[in-house]
Amino acid sequence: MVDSLHSESLDPLRPSDSTIPAIKEAISQLKQAYPQKPVQAHRWNKHYIAISLPVRVNRPSRGPVGNIDIRAEEPVLLLLHRQHYPYRATLACSDRLDFPHDRLPHLGLMGSALPAIFCLHRGNFDDWMAERTIFHLVKRVRDWLCDAACNRLIPPGDGWEPIRIESSGGVSIYSASELQQYVQERLKSTNGKEGFSLLRYKLSPHTTDDPLASNARDAIELIETVARKHANRVAKQIRELNQQCDPQQPGDLHLLGMLIWTAEGNICDTYFAEVPTTLPQLLKWGGDLGLPIKRALERYQHKGYLPLRVIPVVLAIKRPSNLIGDTSNIELVNLVICLDGGVIFPMRNISPLTTEKAQLISGIEGLDCPNILAVGCGALGSKVAMHLARAGLTNMTLVDHDALLPHNLVRHSLLAGRVSDNKADALREEINHIYRGQAEVRAVPSSGIDILRGKRKYLLDQNAWLIDTTASIAFEQALIACQQLDNIRVMRAELAHRGQIGMMSIEGSNRNPRLDDIKAYLSTLACEQDYLSDWLKAGRAAEKRDLQFEEVPIGMGCHTDTMVLADDEISFHAALMSIDFKRQIMQASGEGYLQLSFFSDEGDLPRQQMSVPTVEVLRAENNEQWEIRVTEPVKREILRSVAESAPNETGGILIGDVNPIHKVVYVTKVLPPPPDSRSTPYMFVRGIKDIPDAVRRIQSRTGGWIDYVGEWHSHPGGGGQMSQQDKIAARQLQAVLKPADKLVHIMIATPTNLHAHVYAGDTTI
């Protein structure tokens, strides 16, 4: 007589059996809750005890949908872990030997001779059970069975659940999406006919250090699909490679396998309780599903493609809808045929990480990954690069000339195994290893200056973005001066104020605003932002004290082991920079951009994101060596004042910064005319009321980085040339400013334009 229930073959749990109090309490609670039901405890194995009980099922009034055999009272098994209940999730199974496995999804199947495990929760079931009682579990089982009877196990819009292989003979490593695409292409080229192709595999030794294979009993990795016309050549190569292997030394073996698919219109809507375990079962399976397995094996054997008497097989089955979490309806079943004995072993597929999958997981699916030239692979640079790479943005060329030193390990993304390696090379290898060599990361073990001014200038034309994380002022100045960056966007990321402030600056299209414009704009923000003011003031004080590595005014590197800066602080800033940089790529905005993050001593984490205005670029009309860069808001403010004051002249003070080495004046702020100014249609005399205090406040708030940089006044009738009266005033200014080593900058505003005049040093006015 064949038992109808799994529990009928189990021994009852005896009072003397060792069980933890929590299990005894669960058994007692179930018996008290269901006094009319035959609740019984059994020995399952050394790890689990089983509780059998019947569960009432609310079926549709006309019976289960599709006449599926879900009964009004279903016998259920609850498997409780002997040591770890309730923190190890209780398995809920059907106690019926004839439960309809092949007609239901969301079952964990271990073979037809073992119970079908109900999949009750999409997530960590241990966590679900940790917050619930065994009564909640029984209710969940009842709901599952009710959904099964009503054909509601797969919600509308959900995907098809693939075959769940609980016990496998090993792993088969390949990209499922690539094989699915290959099958689609072959179906298209053959007008939808069933067929098969050869696959080339590598069989890894048990001693492999491959992280995808090291925990598996056996591991095979798909190397390539083999066109039929190349099959003989590849088979010969495999035989030669295997003959060269030393049986005494672990090494990779090579073998040929098969990919077999059904016809385009052959849609399979059957769930499987198990996969074949013998060759006759496999051939029958293939015949039932429309898979040409017999024809493929006959050709395989006829051609002599049997180097190891082992054949990996991938069966491609069309499903009614896309698989859960997939974009394809092709399910791939992995088996290994051992010809000696005709035994079949199921294999579990592990798909190596692809950039497409990384983008999907990271929420940027479909983003066209731009080519990125990342200069600087230190603490901050390595973290930003790794964040981007893990999001699937791997079209990177990494540039750094330094080697990783032991003290770098405190803050670097690389670990101890890479000490003494070049940072760029090591980071490239680590990222490519994540994607098993499929990423496109390159490395240049050189300095950024060599890229801008050396033989590798061609890299500037090959990339859409340049990321600067060098913390090098010299490289920043070289970037600003470089004339070959018109077709590349520039992002600079740096830290300041003992690592409390993170700054990410992105130049606008056509380099307007430029990095130096953004820096001048940033310094002006300190007039209103306290944390920026504290930073600039501390930076100026440190510069005067020459404190070298403890405070760096703009930007900060970690090149020395005396720098006090924790890894988590750098990681905090790097994460925000990476998040915002990805958004900027997706938005494809041409605006200048500035992101500021602040990590205060009190633990506050303010963050600012803002567009940076473009600048009007002028040349001094009396000396074209001097460039004047005026922010658009300042220009608009000046022209608005000109219009409102017309026909009278007006004017005021210009605030910003001066770079005397590169002969650049940055105008980022304008002060209105003082109340004691005199204005007529033919003259403007700027007053002095409140001006000294306003300028001193700006100097104080910004540590002197932003200061007085000139005067402006209007010519309402037009004409941007200096009048005689203007020149007299300029000479008076020169007498005052020259001893302070400041230039004279006079800006004349007409109703529509700005005109600059700069007199530096001993220039005669």
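Read-outs throughout are calculated quantities, based only on the coordinates presented, and are distinct from any laboratory measurement. In this text, all values refer to a predicted model and were calculated from it rather than measured experimentally. Note that each Cβ is placed from the backbone with ideal geometry, even for glycine, and that neighbours are counted across all protein chains shown.
Just a few scattered comments:
- Using just its DSSP H runs of length 4 or more, each adding -39500 (n - 2.57), the chain gives a mean residue ellipticity at 222 nm of -9000 deg cm²/dmol after division by all residues.
- Most simply put, the chain has about 75% antiparallel DSSP beta bridges, counting only bridges with both residues inside it.
- Placing unit charges on the Cβ atoms of the charged side chains and taking the dipole of the stretch 615-759 about its Cα centre, the candidate lying farthest along the positive direction among 656, 757, 626 is 656.
- The residues 396, 683, 258, when put in order of fewest to most other Cβ atoms within 10 Å, stand as 683, 258, 396.
- Taking Cα atoms only, the orientation of helix 21-33 departs from the longest principal axis of the chain by about 70 degrees.
- Calculated FRET efficiency for the pair residue 740/residue 321, C-beta based, R₀ 60 Å, to 0.05: 0.20
- Options (1) 72, 32, 25; (2) 72, 33, 19; (3) 49, 45, 30 - which one matches semi-axes √(5λ) of the Cα gyration tensor in Å as calculated here: (1)
- The packing ranking, built from the mean of other Cβ atoms within 10 Å per residue, places the peptides 90-97, 24-31, 238-245 in the order 90-97, 24-31, 238-245, highest first.
- Cβ crowding within 10 Å averaged over residues, with 599-607, 640-648 ranked highest first: 640-648, 599-607
- The gain in end-to-end length when the residue 102 to residue 360 segment is fully stretched comes to 89.7 nm, 0.36 nm per residue minus the alpha carbon separation.
- Shape call, the stretch 358-612: gyration tensor on alpha carbons, a/c limit 1.5: rounded
- Applying 1/(1 + (r/R0)^6) with r as the Cβ-Cβ distance of residue 420 and residue 456 and R0 = 25 angstrom yields a FRET efficiency of 0.55.
- Ranked by the mean number of other Cβ atoms within 10 Å of their residues, highest first, the peptides 284-295, 655-666, 716-727 come out as 655-666, 284-295, 716-727.
- In nm, spacing of pseudo-spin labels at residue 339 and residue 87 (7 Å Cα→C-beta vector): 5.2
- Full-stretch length increase - residue 610, residue 22 - with 0.36 nm per residue and alpha-carbon distance subtracted: 205.9 nm
- Lysines whose Cα lies under 24 Å from that of residue 139, excluding same-chain neighbours fewer than 8 positions away: 24, 31, 37
- Going by neighbour counts of Cβ atoms within 10 Å, the residues 182, 85 line up, fewest first, as 182, 85.
- Dipole of the chain computed with +1 at Lys/Arg Cβ and -1 at Asp/Glu Cβ about the Cα centre; of 137, 10, 728, farthest Cα towards the positive end is 10.
- The angle separating the long axis of helix 423-434 from the principal Cα axis of greatest extent in the chain is about 30 degrees.
- Tilt relative to the chain, helix 293-302 - C-alpha long axis, 0 to 90 degrees, to 10: 90
- You can think of it this way: the chain between residue 643 and residue 4 has 220.4 nm of extra reach, that is 0.36 nm per residue less the Cα-Cα gap.
- Computed about the Cα centre, the dipole magnitude for the stretch 6-149 is approximately 240 debye when only Lys and Arg (+1) and Asp and Glu (-1) carry charge, each at its Cβ.
- Backbone geometry of the stretch 118-134 corresponds, through the Karplus equation with coefficients 6.51, -1.76 and 1.60 at θ = phi - 60°, to 3J(HN,Hα) couplings of 6, 8, 9, 8, 8, x, 7, 6, 4, 5, 4, 5, 4, 10, 9, 9, 5 Hz, x marking Gly and Pro.
- Subset of 188/294; 202/294; 663/727; 383/455; 383/663; 193/582 violating a 32 Å alpha-carbon distance limit: 383/663; 193/582
- Antiparallel beta bridges, as assigned by DSSP with both residues in the stretch 615-759, represent about 75 percent of the total such bridges.
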